[in-house]
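A short worksheet on the structure shown next.
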Amino acid sequence: MKFKLRGNRVLLDKPAKPEPKTDLILNEDVEKEQEKEMMKKWTHLNVFAVGEDVKDITIGDKVYVRTQALHNAEIIEFGEDIKMSVKDFDIAIVWEQ
């Protein structure tokens, strides 16, 4: 799939959610709360794509994004992959590849 990411956006690979250790079915509110807690642990997210205006972040870099920005990130599906869209200024640390 070919695409062009515009502006100062950065697409990040969304880490896979760990499989539950139980067969309990959680309601939507509980799932959202668990995801918020999981986001606090995401400290090295992989850069999947960068917008045309992003200058100092490249595909494959590992980044730390402010937790609040992760809560507000747009979620985008690419086939079976899930990506998160954030602004480049929400990225606080870049570990270059």
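We did not get these values from a lab; they are worked out from the coordinates using the rules stated. Everything numeric in this text was worked out from a predicted model, so none of it was measured. Note: ideal-geometry Cβ built from the backbone for every residue, glycine included; neighbour counts use all protein chains shown.
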The stretch 78-95 - phi-based ³J(HN,Hα) in whole Hz, Karplus 6.51/-1.76/1.60, Gly and Pro as x: 10, x, 8, 8, 10, 10, 10, 9, 10, 7, 4, 6, 7, 8, 8, 9, 10, 9
Full-extension gain between Ala16 and Phe3, please, as 0.36 nm times their residue separation minus the C-alpha to C-alpha distance. 2.4 nm
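For the chain, how big is the tail of P(r) above 16 Å, as a whole percent of Cα pairs?
Cα-Cα pairs in the chain separated by more than 16 Å: 56 percent.
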For the chain, with +1 on Lys and Arg beta carbons and -1 on Asp and Glu, the positive-most of Leu45, Gly79, Gly7 along the dipole: Gly7
Gain upon complete extension [Asp29, Ile75; 0.36 nm per residue less C-alpha separation]: 14.8 nm
Label-point separation, Phe89 to Lys55 (7 Å along Cα→Cβ), nm: 1.4
